[in-house]
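Asker: Here it is, the structure in full.
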Amino acid sequence: MENPLKNLRPPRKQQKNPRYFDDAELKKIFSHTKEPYHSIFKFLYYTGLRTGELANLEWRDYNRDLKQLTIRIVSQDKKKRLPVIS
């Protein structure tokens, strides 16, 4: 006898919308942080980078002449680095 539930898929988990900081929260964060965190938080905010993307940056990802930063997705084995934005 074939299992009638064989092709049944579990319901999709509903994802929550991301929550963004409002202007008052950003001012509070920026005013209560000291270097180097102040610069790091501003860099993350103004670039839209995730913390993992920041942590995986290397000097070779920055082109000083073009003032360009290449953001890469790092796979689980950290050997394959795929360019995302340049």
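Where a number appears in this text, it was derived from the coordinates with a stated rule and is not lab data. Since the structure is predicted, the reported quantities are computational estimates derived from the model, not experimental observations. Cβ placement follows ideal geometry from the backbone for every residue including glycine, while neighbour counts extend to all protein chains displayed.
Asker: Which chymotrypsin sites (Phe, Trp or Tyr not before Pro) does region 1-76 hold that lie in a coil by DSSP with at most 13 other beta carbons within 10 Å?
Answerer: Loop-located and lightly packed - Tyr20, Phe21.
Asker: Turning to a different aspect of this structure: For the pair Asp22 and Leu54, what calculated FRET efficiency results from E = 1/(1 + (r/R0)^6), where r is the Cβ-Cβ distance and R0 = 22 Å, to the nearest 0.05?
Answerer: Once rounded, the FRET efficiency stands at 0.50.
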